[in-house]
1. Could you check region 245-271 and list, in sequence order, the residues that are free of Cβ contacts under 8 Å to residues at least 60 places away in the same chain, in a helix (DSSP H, G or I) and surrounded by fewer than 24 Cβ atoms within 10 Å (Cβ to Cβ)?
2. Among Lys501, Lys461, which is assigned by TED's automatic domain parsing to the domain that holds Leu369, modelled with pLDDT under 95, surrounded by fewer than 14 Cβ atoms within 10 Å (Cβ to Cβ) and in contact with a Lys or Arg (Cβ under 9 Å, 6 or more places away or on another chain)?
3. Where residues in region 570-591 are small (Gly, Ala, Ser) and surrounded by 12 or more Cβ atoms within 10 Å (Cβ to Cβ), which of them is farthest from Glu529 (Cα to Cα)?
4. Applying the selection to region 144-169, what residues are among the polar types (S, T, N, Q) and either within 14 Å of Asn114 (Cβ to Cβ) or exposed (fewer than 15 other Cβ atoms within 10 Å of the Cβ) (or both)?
5. Are there helices (runs of 4 or more DSSP H) fully within region 143-244 with at least 1 residues that are outside the structural domain of Phe386 (by TED's automatic domain parsing), modelled with pLDDT of 95 or more and among the charged types (D, E, K, R)? List them.
6. For Ala447, are the conditions met, namely being outside any helix (DSSP H, G or I) and not assigned by TED's automatic domain parsing to the domain that holds Glu244?
7. In this structure, is Thr589 hydroxyl-bearing (Ser, Thr, Tyr) and within 20 Å of Gly603 (Cβ to Cβ)?
8. Here are some residues: Pro328, Pro317. Which one is buried (at least 17 other Cβ atoms within 10 Å of the Cβ), more than 25 Å from Asn205 (Cα to Cα) and more than 21 Å from the chain's Cα centre (by Cα)?
Amino acid sequence: MKNLKLFTVILFTIISLQMSAQAYKNFKVAVYCRAYEVEKMADPKWLTSVWDTLSRQLHVDRIYLETHRDLLIVPDATLEAAKKFFQSKGVEVAGGITYTIDESNNFQTFCYTNPENRQKVKEIAEHTAKHFDFFILDDFFFTSCKCDLCVAAKGEKSWTDFRLDLMKNAANDLVINPAKKVNPKVQVIIKYPNWYEHFQGLGFNLEAGPVQFDGVYTGTETRDRSGNQHLQQYLGYAIFRYFENLKPGRNFGGWVDTGGGNPLDRYAEQLWITMFAKAPEITLFDIRQMNNNYNPNYRTSWKGTGTSFDFDEMKKPLKQADGSEFVPRKFSGVAGYSLAVVDKVLGGLGNPVGVKCYKPFHSTGEDFLQTYFGMIGIPVDIVPLFPENEPVVLLTETASFDKDIVAKIKKQLQNGKNVVVTSGFYKAMQGKGIENIVELKVTDRKASVKEFAAGWGPTTKFEKEIIIPQVTYLTNDSWEIISARDDTNGWPILHAADFSKGKFYVLTIPDNFIDLYILPENVLNRIRETVAGNLPVTLEGPGEVSLFAYDNNSFVVESFLDKEVTVKVLLGLDVKQVKNLETGEMLNTVARPAMSFRNRKFGKDAAVVEITIKPHSFKAFSF
């Protein structure tokens, strides 16, 4: 009888696995379940129905079962029953905690100076560690509380300094140590959200946290960039690489919700960008959203034109193990299809490479500007320590938080390397020694410009005016590489100065960062050449096209434009062909010598290949 029962369990597991969607080759897929839905899993019929709908459209490797949210604590019996159910399906099971008191009240967090709240936080960690050897803290392990207890405890400290210390201690005293006392094997992972520029103000400590916790997880969702977070699409890639640099090898995955689900291409793009960053796992938030219907009348101006996200292909019936067909109607189907599309090329991509952009711990300034550079085709790799001996270092205003930054810049230049700084960085450093490198000034005056010239090339005009800061300098001490003009005057966009064996560049940033996207192509090309020309691959073309480069002679071009676009990719002169990683098609390159004047080369010789990209689509290549 025991053998018969064992055989029945094994057979049931095999059938369950066959009924689920096909696994992916290059990453794992997880689905997060909020405490509200986990509580419902006490009903086996409800749980079976939800799982059947999900697993027919999406292969799932791991389920995160949340134990607490908004003071709802899921009972032991329900957690254990849900664990056994998913394990019977061949799915890994982990835990999750959201430390909110009331999400509907502006995501009200716990007060970490309140003794009762502190005790509750500790009890929740202990409760979770009893059931799981691996659990995640979702997004909200920070504090926004300014109650009288917090005001008194803060004293004369800034809110940032107070909260950084408060949450550093809370992590050890209330979560990590209590959890490990209950379960010495437990791994406690902190998941950081996407608004990395402002973390320190709420107590997210990117200096201490990755050291304290067993690993990190990355919120890579960007949703609608005109929404209240104002996040650019490239952030989903840049933030994963940034957090990987905070704790190498222990960034467990990226995390996307369906908030960017209209149009559906935007949802797919968020998944693709996470995977281009080489996340080992993607968590889809959440099981409720995954089983929501997408709009069956989905329409965009580019629908049906052969884009990477093909709506008509996505909604085709799926073959089931029993021979029947199942029509995907849920977001799980959209996710399943989108992940299958990117899985075709990921195996050919190596480790990401990019221009090192230094962001010291707890720094702010020119918010999220690194991601705007990514949107104009400059692969950016954000790092928390100054990257010595890189051919080019990129510095935004955040780097001004390093009190030794001028000395580090000088050393970089004396070693024959280059430094590119933004106008915001230079202005923040005025009067702090930066003038010892080049004497210029980023003034408070503004210029309204609509004509541009890059070197000896033709000037380009357009109707929209761009507001930039006026930068002044000493004639013949430094030089304009790119100029912007109004009707009567001109101002530098890219400025260069010699120092020791290196070059120091100042890049003028428009008041509205998004105006970077509409700069003329010849201007963008010169900026890319200056900032990213040392990479094995560079891009030429309009803005809102991103380039992802890898260390094994591979790259991805992704367009966020609503229209088809043709770009040029520049490679080493010895490259004769590139191979499309999805189709196997070979494209020939054309040799292009660099411009020269009086035997002096400007730029570099390159092999050039033209690539046409459909709207909101990508292509991946090796060479």
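The values are calculated or read from the model by the stated rules, or taken from the named source; none is laboratory data. None of these values were measured; they are calculated from a predicted model. Glycine also receives a Cβ, built like all others from the backbone with ideal geometry; neighbour counts cover every protein chain displayed.
1. Gly259
2. Details: Lys501 fails: modelled with pLDDT under 95.
It is Lys461.
3. Ala591
4. Ser144, Ser158, Asn169
5. Working: elements: 148-154, 159-170, 177-182, 209-212.
Where helices (runs of 4 or more DSSP H) fall fully within region 143-244 and carry at least 1 residues being outside the structural domain of Phe386 (by TED's automatic domain parsing), modelled with pLDDT of 95 or more and among the charged types (D, E, K, R), they are 148-154, 159-170, 177-182.
6. Against the criterion (outside any helix (DSSP H, G or I) and not assigned by TED's automatic domain parsing to the domain that holds Glu244), Ala447 qualifies.
7. Yes: the conditions hold for Thr589.
8. That would be Pro328, the only listed residue that is buried (at least 17 other Cβ atoms within 10 Å of the Cβ), more than 25 Å from Asn205 (Cα to Cα) and more than 21 Å from the chain's Cα centre (by Cα).
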